[in-house]
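Encoded as structure tokens, the structure appears first; notes follow it.
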Amino acid sequence: MNELQLIQSKIHEIRGQKVMLDRDLAELYGVTTSNLNKSVKRNIRRFPADFMFQLNQAEFDTLKRSLIFQNGTSSWGGTRKLPYAFTEQGLAMLSGLLNSDIAIQVNINIMRAFVAVRQMLSEDSSMKRLSALEKNFEELKQDLEDIFADYNDINEDTRAQLEAINTTLAELQSRPPITPRRPVGFIKHR
């Protein structure tokens with residue numbers, strides 16, 4: 001697995017945002033998670049809530065179920081605190097804090113990975129939209145064919161009825177005129 005794919009595998013969606021966790025970033029930068037978090041806390045004004053946030057217990061439990069965190073939180077070998085998640089903007093801000101050559105190269109690769117993920121998502125969504133449009137077009141085409149078929153059926157029925165009416169009218173016109181009859185009854189009309 002190349003480095004770009006490795007980084008992409010560490011990008012998670014939490015709270016509707018693509019984020020990377022402090023543990024994964026520390027591993028990529030070659031520092032401990034606590035040292036990474038200490039650097040962030042020393043510069044906490046650079047990390048507003050939309051750049052970095054701490055996971056809540058429910059989000060952490062979801063990550064545990066997907067085997068990202070196998071031991072959970074404990075004082076015996078697990079994660080001691082709930083992890084922090086960094087958005088793409090938070091990672092860009094983090095690159096200003098960590099100035100080693102490794103950190104710079106890792107940040108470049110992380111930014112490339114985020115761009116690749118965004119492109120994959122946009123291509124995937126555009127393909128889904130295109131297939132949905134094709135499906136809707138086919139449904140619309142079928143509906144129009146059904147409507148025109150019904151329209152032609154109605155037209156043929158109407159034509160047949162009109163022909164019957166015309167035939168009856170022609171027969172009535174070809175008959176000799178009817179002579180008036182004498183009225184029946186006791187009253188004689190004048």
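The values are calculated or read from the model by the stated rules, or taken from the named source; none is laboratory data. Source: prediction; values computed, not measured. Please note: Cβ atoms are built from the backbone with ideal geometry, for glycine as well, and neighbour counts cover all protein chains shown. Protein only, heavy atoms only, side chains kept; ligands, DNA and RNA dropped before computing areas. Shrake-Rupley method; radii C 1.70, N 1.55, O 1.52, S 1.80 Å.
On the stretch given as segment 72-97, residues that are among the hydroxyl-bearing types (Ser, Thr, Tyr), at pLDDT 80 or above and open to solvent by 10 Å² or more (accessible area, probe 1.4 Å) total 1. Among the candidates Ser9, Ser34, Ser39, the residue that is under 24 Å from the mean Cα position of the chain (by Cα) and either within 18 Å of Gln89 (Cβ to Cβ) or of a type outside the set (A, V, I, L, M, F, W, C) (or both) is uniquely Ser9.
Residues are listed down the side, and each one gets a yes or a no for (1) touching a Phe, Trp or Tyr at 6+ places or on another chain (Cβ under 7 Å); (2) among the small types (Gly, Ala, Ser):
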{"site": "Ile7", "(1), (2)": "no, no"}
{"site": "Gln17", "(1), (2)": "no, no"}
{"site": "Met20", "(1), (2)": "yes, no"}
{"site": "Gly30", "(1), (2)": "no, yes"}
{"site": "Asn37", "(1), (2)": "yes, no"}
{"site": "Arg42", "(1), (2)": "no, no"}
{"site": "Arg45", "(1), (2)": "no, no"}
{"site": "Ala49", "(1), (2)": "no, yes"}
{"site": "Asn56", "(1), (2)": "no, no"}
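For Ala103, the stated conditions hold: it is modelled with pLDDT under 75, open to solvent by less than 40 Å² (accessible area, probe 1.4 Å) and assigned to a helix (DSSP H, G or I).
Counting residues in segment 63-71 that are within 25 Å of the chain's Cα centre (by Cα) and either at pLDDT 80 or above or of a type in the set (Lys, Arg) (or both) gives one or more.
Consider segment 20-47 and keep the residues that are among the hydroxyl-bearing types (Ser, Thr, Tyr) and in a helix (DSSP H, G or I). The one that is most open to solvent (accessible area, probe 1.4 Å) is Ser34. Scanning segment 53-69 for residues that are open to solvent by less than 60 Å² (accessible area, probe 1.4 Å), within 17 Å of Gly90 (Cα to Cα) and free of Cβ contacts under 8 Å to residues at least 40 places away in the same chain yields a count of 1. If you go through segment 78-102 and keep only what is among the small types (Gly, Ala, Ser) and closer than 18 Å to Arg42 by Cα, you end up with Ala85, Gly90, Ala92, Ser95, Gly96, Ser100.
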